[in-house]
1. How many angstrom lie between the C-alpha centres of the range B:268-330 and the range A:43-62?
2. So for B:GLU328, B:GLU303, what's the accessible-area order with a 1.4 Å probe, most first?
3. So how long is each side of the range B:233-312 along the principal axes, counting just the alpha-carbon atoms, biggest first, in Å?
4. Pop out the carbon and sulfur fraction of the accessible area of chain A as a percent, whole number, probe 1.4 Å.
5. Past the 29 Å Cα-Cα mark, which pairs from B:LYS73/B:LYS299; B:LYS73/B:LYS296; A:LYS64/A:LYS177; A:LYS91/A:LYS177; B:LYS48/B:LYS296?
6. What distance in nm separates the simple spin-label points at B:SER44 and B:ASP204, each placed 7 Å from Cα in the Cβ direction?
7. Pairs of alpha-carbon atoms within less than 8 angstrom and 6+ residues apart define the contacts here; what relative contact order does chain B have, in percent?
8. Give me the percent of the accessible area of the range B:101-174 that comes from carbon and sulfur atoms, probe 1.4 Å, all protein chains in place.
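The values are calculated or read from the model by the stated rules, or taken from the named source; none is laboratory data. The model shown is predicted, which means the values in this text are computed figures rather than measured ones. Using ideal geometry, Cβ is built from the backbone for each residue, glycine included, and neighbour counts are taken over all protein chains shown. In case anyone asks, the SASA skips ligands and DNA or RNA and just uses the protein heavy atoms, side chains included. Shrake-Rupley method; radii C 1.70, N 1.55, O 1.52, S 1.80 Å.
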Amino acid sequence: MKVAEAPPSTERRVDPVILRVDNVYKHFPVGGLGGGAVRAVDGVSFEIRRGETLGLVGESGSGKSTLGRVITALHPASGGHVFFEGKDVTKLRGGKLRQIRRQLQIIFQDPFASLDPRMTVGEIIAEPLDNYGLARGRQRQLRIQELLRVVGLNPNFTNRYPHEFSGGQRQRIGIAKALALNPSLIVCDEPVSALDVSIQAQIINLLQDLQREFNLTYLFIAHDLAVVRHISNRIAVMYLGKIVEIADRLDIYDRPQHPYTSALLSSIPVPDPRREANREPIPLKGEIPSPVNPPSGCRFHTRCPIARVPGVCSEIEPPLVAHGRPGQVAACHFAGELSARSATEAGLPSA
Amino acid sequence: MAAPLLRVEDLRTQFFTSRGIVHAVDGISFNVNRGETVGIVGESGSGKTMTAFSILRLVPDPGRIVSGRILFKDQDVVQMNDDDVREFRGNDVAMIFQDPMTSLNPVTKVGTQIDEAMTAHERFSKKEAQARIIPLLQQVRIPEAARRAQDYPHQFSGGMRQRAMIAMGLSNEPELLIADEPTTALDVTVQAQIIQLLKQLNRDVGAAIILITHNMALVASLCQRIIVMYAGRIVEEGPVEQIFDSPQHPYTWSLLRSVPRVDVARAERLVSIKGLPPDLVRLPPGCKFHPRCRFKIEKCEREEPPLEEVAPNQVARCWVMMRNVAQEQREETKAGEVSREAATELKQAGSG
Ligand SMILES: Nc1ncnc2c1ncn2[C@@H]1O[C@H](COP(=O)(O)OP(=O)(O)OP(=O)(O)O)[C@@H](O)[C@H]1O
Ligand SMILES: Nc1ncnc2c1ncn2[C@@H]1O[C@H](COP(=O)(O)OP(=O)(O)OP(=O)(O)O)[C@@H](O)[C@H]1O
Ligand code: SF4
Ligand SMILES: [Mg+2]
Ligand SMILES: [Mg+2]
């Protein structure tokens, strides 16, 4: 059989937009008198087309999981809209919300913590079916077995408990559960980060197979940029609650426009000793600032290697607008300035 | 060539559990030269950490070293008395653990902890130790080191704690540094700082480093030599470039192709290693990798292959060796783990 190839970067997808995130905010109030808030997601907009995988990367605490939870209606938004197939998820309540939630599933990072240890595998997988009263008796049993088979597990495992399974198997159980209601969009929140490398490949291949079979749409969150690049059509980069860049998977590695993207990319070691000997990471100053009091102007200015400070970078917030290739957007007053340099210094081939 | 700094000879470490004997480290031998960086890779449970813990004589109950020698500058660590072992740890060798929070004392200031690490070993006088704290923190790039030395560990970020751990590890100028997954829990940009730091240490201080990781890219970045472990044994060892160019053991070969890469233009399907890691209580007969190996021959199920020289300085433990596997045989036969039938069934059932 032929190896699967990713779509070429020049191909512009024409599928309809399935999810439109419009200026979404999620703030968590912090205790005490100050009245401040963790600005976990702070004005984020993007679209995903049907059948597409949008990768989401960014440092720990940048708001990726929170965004995933707002999209799947697990967290109410503090502001903005999430349009799923044209309907605003943030405005729905009761039965209508329940109906739309069927379409929006999430797979969590930790296959150990996310499965109830007192439930059998069959009960776990059927829980969503039961919640919606969708299958009973023999039908239900058949459906459980099919789901197990689809994720590559033995259909006879129905009566076993999660602790009898390895991490990779547990993650498959989580995936089976997410598939139970035939969702159209799945938020994969670091689905392979907790797994051993030899098992990661199994799960990544499985997710890709399922996507092809069921025309699934993925928002794929991960801190491993190599994994994200492998699985995504486009990639969004988050920094401190905001998206700083979105581009096609190849363009973003080839010609990053935002200096944070450049720094992130130059930081990844590659499994090639000769390339590694020449790779020069772009150093970032200092630590990631607090999301309670993000820096003024561009919130990356405190760590940016090309910031004009004091000046435009510390005073005016750069909008997320077109830069670089078609479809590429970046939020930087000096977009592209670092890109040529980083591409050659990192020793990345122009893909 | 000078004598190696560390010589591990036929080391066996076992855990005596109610399930039976866990063969965590099952007869491994390797050397580490002065100033060299050696990577130990292998999947979870393959015995990497227990190898390191054995070298430091830190194997927890119910485990113990059952045989073998660990020669550090010709002194056998296995035979040392408790006083000598304490001297050896933290003076001749230092270890950086995966989770810095578990090895830093939460109620003691960072600077004080570094001071205590030094005075405990009496290599430096009290005054000398005092004077070394801030330069050490500066060396690991802690900003405003003087002020930060007064902080408690929880006031540091994850990356800073890891760097503080390294500073503590370096405080007695050890000749060998063992780093167990030093960057796994960290963000990419912080990871990059730690990698730079380890590189610089190796270059400027001349410390030998054993880097334990499952991240092949990290090995490519830092190491001169690589040891691949599987089921408590070494299955391949050699110079890093050679192993990356032409791995001979099927496990090494698969490992290198199971991770996506950012530096390769085309995204191919990943090679997945089927099945599960072996049960170290009931190891399979023959080659321990054979139940998961796509290239096995009949002999692999019966007889365990020896570590055999496959190129200058490169050894591998396999009856087949990848150089004897034809290209077409290497490609995965099954493109998907989802059977088409099952998928169609699901679609039909789901639409009902
Ligand atoms: N329920 C909550 N209450 C208060 N603060 C929260 C809550 N959930 C998240 N946060 C904060 O919001 C910010 C974003 O967190 P989030 O988990 O979305 O980040 P992330 O990008 O997913 O990080 P990671 O890569 O570590 O998973 C963090 O500062 C976090 O501490
Ligand atoms: N306290 C213990 N009791 C019983 N078995 C143990 C104990 N500690 C470790 N082992 C076993 O020893 C083997 C080797 O463990 P080790 O921690 O060295 O693996 P590792 O290669 O470092 O894995 P990882 O990548 O997950 O850190 C494992 O199979 C483990 O189950
Ligand atoms: S706007 Fe300025 S500070 Fe922000 S990323 Fe661009 S150059 Fe750096
Ligand atoms: Mg998260
Ligand atoms: Mg370990």
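1. 40 Å
2. B:GLU328, B:GLU303
3. Largest to smallest, the principal-axis extents are 41, 32, 23 Å.
4. The C+S portion of the solvent-accessible surface of chain A is 50 percent.
5. In this structure, B:LYS73/B:LYS299; B:LYS73/B:LYS296 lie more than 29 Å apart at Cα.
6. 3.6 nm
7. Rounded, it is 19 percent for chain B.
8. 51 percent
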